[in-house]
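The values are calculated or read from the model by the stated rules, or taken from the named source; none is laboratory data. Everything quoted here is computed from the prediction, not taken from an experiment. Note that we place each Cβ from the backbone using ideal geometry, even for glycine, and neighbour counts take in every protein chain shown.
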Amino acid sequence: MRLPIADGPTVRAYALGLLRAHRSALTRIAVLHGLAATAGLAGPWLLGRVVDGITHGTTGGFIDRMVAVGLVAVLTQAALTRYATRASIVFGEQVFARLREEFVETVTTLPLSTVERAGTGDLVARTTNDVNRLQHAVRFGVPRVIVAVVSITLTVVACVLVSPLVALALFVGVPGMVTVVRWYLRRATPAYVREAAAYATLNGTITESVEGARTVDALSLGPRRHRRVRSDLHEAFRAERATLNLRTVLFPGVDLAFVLAPAAVLLWGGWLAADGRVSLGAVTSIVLYGYQMAGPVWELIFWVDEIQVAMTALARIVGVQLVAPDRTAGTDRPVDERIAAEGLRYAYREGHDVLHGIDLDLVPGERLAVVGPSGAGKSTLGRLLAGIHPPTGGRVTVGGVPLVDLPLDELRGHVALVTQEHHVFVGSVADNLRLAAEHADDHALEHALRAVDAWDWVQALPEGLGTAVGSGGAALTPAQAQQLALARLVLLDPHTLVLDEATSLLDPRAARHLERSLSAVLAGRTVVAIAHRLHTAHDADRVAVVQDGMVSEIGAHDDLVAAGGDYAALWRSWQHEA
């Protein structure tokens, strides 16, 4: 599954809305650059006056005045350009700040079911490559396009004012330029979409290979992963070559238009001047204007190419906002804290159920252990009980209300999931803990850390709770990171907890001690513990055995062992291995 990509009208509407939100800044930039460009037009006009003056006879005083006016124009242009450039940079930063905030807000509210099905590569590419491409265009491209358009417009107006007849020759290369640009634009968007998709796939392959390096090494998968990376690189190379081919047509085509225009002005203007229909100074001014206009036109063409890349990136970023929600919050509220599953089914792919009609009623305050072989559907069941995925069939309710009908912030107050995956965010230990309880004081943080046997090592850090962790900070072991995740759970304080191998990264003795500590803290709360270590099941009030997506047995540990069924076989096997 790929995350959606916004179509052209949607992207243009979004971009126009973004620009309208900053129209006052855009107006200020356009005015400043317009004034700077106007001052820059003085040079060719003054030189034309000088040529005409020398041709017809003039004085040294006239030349001095023209030089003085030119100097004032240059200084004025420099000052205006300075303020215009500063305004452009500020504008770019403001626009990109808004884009970044909206994107982060969107990403953090994506349905987890969609993110998991889409995989990490596409989303990582959108949050890195696409954002980087877009920020370059926002910070520099949009202001430079404004500068180029204003400069070109004013230069053309100046040429027409000097001599409309001579100015006609400037447009001799326009039909060819328009043809080449239109040819390019028709092909650019699909080519750049393909390029971005190729890099997204490559990012995903490399990320998966790095994160799973130990598995790759243990299973001797190195050659296979190398072939996969080379295949993805080859596709990225072909996509890059396709966009490069487009540029090899665009740039020479535009270059030809620039070669034709000055030559046409010289020939046409020279013939008109020889015939006495225009002055030599007018021809001189327009030739200089033609050369002066080359810079803005080239910059405009350059940014047309860059903005095509940016628009493709924006289409992918806006596409994230088009992800449909996987649930709609209702108005009903739970009457109690009882969690129940009725006829529960789930399929990652349509027609291929991994859970088959599970019925499960959790008694408030009980500890239920879910055991079974790998691939039986235990983790999927846990995610549905935590409201992470909407069920394909049946429902999971709390107090009679389906979990997927509750607003997410309210849902997490009822039930929360902690998995064997651990995440340490950049910031202090306290910052990491306050993700679950923003206003928790240091005493509450200490209590949570003591509950998960983490207070001693946190105290030993250089700055205790204030120690920076995450990228660039103090390195935490996987076990310590998992303890932080469990401490966040204590602070979140939901009435029902789903622990999916939540202590798997700790050694058995430490895990046993931690689970006992958590049991004291979580007394009175409903706990669903998914585990391979069957001592967890031994301590539970009830045990549910999941086999092939169904609950094959459920009951107390001693009763199930005495029954001699699936659980008894698992228990005997685990005791033998232990």
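Points worth noting:
- Selected residue [assigned by TED's automatic domain parsing to the domain that holds Gly48, among the charged types (D, E, K, R) and without any contact (Cβ under 8 Å) to a residue 24 or more places away in the chain] from Glu93, Glu101: Glu101
Table: residues versus (1) over 23 Å from the mean Cα position of the chain (by Cα); (2) surrounded by 16 or more Cβ atoms within 10 Å (Cβ to Cβ).
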site	(1), (2)
Arg194	no, yes
Asp217	yes, no
His234	yes, no
Val259	yes, no
Ala273	yes, yes
Val283	yes, yes
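- Ile54 vs. criteria assigned by TED's automatic domain parsing to the domain that holds Ser151 and in contact with a helix residue (DSSP H, G or I) (Cβ under 8 Å, 6 or more places away or on another chain): no
- Flag for Gly400 being within 21 Å of Ala386 (Cβ to Cβ) and at pLDDT below 90: yes
- Some residue of segment 2-13 being within 22 Å of Thr85 (Cβ to Cβ), out of contact with any Gly (no Cβ under 7 Å at 6 or more places or on another chain) and in a helix (DSSP H, G or I): no
- Counting only helices (runs of 4 or more DSSP H) wholly contained in segment 72-189, the ones carrying 2 or more residues that are farther than 30 Å from Trp268 by Cα and not aromatic (Phe, Trp, Tyr) occupy 112-118, 120-125, 131-136, 142-162.
- Of note, Ser151 satisfies the criterion of being crowded, with 16+ Cβ neighbours inside 10 Å, closer than 30 Å to Leu35 by Cβ and hydroxyl-bearing (Ser, Thr, Tyr).
- Index of the failed condition, Val254 passing every other in (1) at pLDDT 85 or above; (2) within 30 Å of Val309 (Cβ to Cβ): (1)
- Top-ranked residue of segment 83-118 - restricted to ones that are among the small types (Gly, Ala, Ser) and touching a helix residue (DSSP H, G or I) at 6+ places or on another chain (Cβ under 6 Å), ranked as nearest to Gln135 (Cα to Cα): Gly92
- Considering Leu19, Leu3, Leu46, the condition of being crowded, with 16+ Cβ neighbours inside 10 Å, more than 17 Å from Leu154 (Cα to Cα) and out of contact with any Phe, Trp or Tyr (no Cβ under 8 Å at 6 or more places or on another chain) is satisfied by Leu3 alone.
- Look at (1) under 42 Å from the mean Cα position of the chain (by Cα); (2) modelled with pLDDT under 85 and you find that Glu240 fails only one, number (2).
- Criterion applied to Val297, Val265, Val249 was being in a helix (DSSP H, G or I), more than 27 Å from the chain's Cα centre (by Cα), surrounded by fewer than 18 Cβ atoms within 10 Å (Cβ to Cβ) and touching a residue at least 60 places away in the same chain (Cβ under 8 Å), and the one residue passing it is Val249.
- The residues listed here are Ala386, Ala313; of these, the one that is in contact with a Leu (Cβ under 6 Å, 6 or more places away or on another chain) and in the same structural domain as Val107 (by TED's automatic domain parsing) is Ala313.
- Segment 304-315 residues that are over 14 Å from Ala191 (Cβ atoms) and without any contact (Cβ under 8 Å) to a residue 40 or more places away in the chain, paired with ones that are basic (Lys, Arg) and crowded, with 23+ Cβ neighbours inside 10 Å (beta carbon under 6 Å, 6 or more apart): none
- Unique match (being closer than 29 Å to Tyr291 by Cβ, among the aliphatic types (A, V, I, L, M) and touching a residue at least 12 places away in the same chain (Cβ under 8 Å)) among Ala21, Ala6, Ala30, Ala25: Ala30
- Filter result for the condition that a residue is under 31 Å from the mean Cα position of the chain (by Cα), within 30 Å of Thr108 (Cα to Cα) and outside any helix (DSSP H, G or I), over Asp326, Asp332: Asp326
- Residue selected from segment 282-326 under the condition modelled with pLDDT under 80 and of a type in the set (S, T, N, Q), by the criterion nearest to Pro262 (Cα to Cα): Gln292
- Leu75 vs. criteria among the aliphatic types (A, V, I, L, M), free of Cβ contacts under 8 Å to residues at least 60 places away in the same chain and touching a helix residue (DSSP H, G or I) at 6+ places or on another chain (Cβ under 6 Å): no
- The set of residues from segment 417-433 being crowded, with 19+ Cβ neighbours inside 10 Å, under 14 Å from Leu465 (Cα atoms) and not aliphatic (A, V, I, L, M) comprises Ser428, Asn432.
- Options Trp303, Trp298, Trp271; residue that is in the same structural domain as Pro164 (by TED's automatic domain parsing), among the hydrophobic types (A, V, I, L, M, F, W, C) and farther than 21 Å from Arg182 by Cα: Trp271
- Residues (surrounded by fewer than 20 Cβ atoms within 10 Å (Cβ to Cβ) and assigned to a helix (DSSP H, G or I)) located in segment 312-323: Gln321
Conditions (1) in contact with a Leu (Cβ under 6 Å, 6 or more places away or on another chain); (2) modelled with pLDDT of 80 or more, marked per residue:
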{"residue": "Phe91", "(1), (2)": "no, yes"}
{"residue": "Glu105", "(1), (2)": "no, yes"}
{"residue": "Pro111", "(1), (2)": "no, no"}
{"residue": "Val115", "(1), (2)": "no, no"}
{"residue": "Asp122", "(1), (2)": "yes, no"}
{"residue": "Thr127", "(1), (2)": "no, no"}
{"residue": "Arg139", "(1), (2)": "no, no"}
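- Against the numbered list (1) among the hydrophobic types (A, V, I, L, M, F, W, C); (2) within 16 Å of Ala169 (Cα to Cα); (3) free of Cβ contacts under 8 Å to residues at least 60 places away in the same chain, Leu219 comes up short only at (2).
- First in segment 317-331 and under 25 Å from Arg133 (Cα atoms), second anywhere and among the hydroxyl-bearing types (Ser, Thr, Tyr), Cβ under 6 Å, 6 or more apart: Val318/Tyr14; Val320/Thr106; Gln321/Thr106; Val323/Thr114
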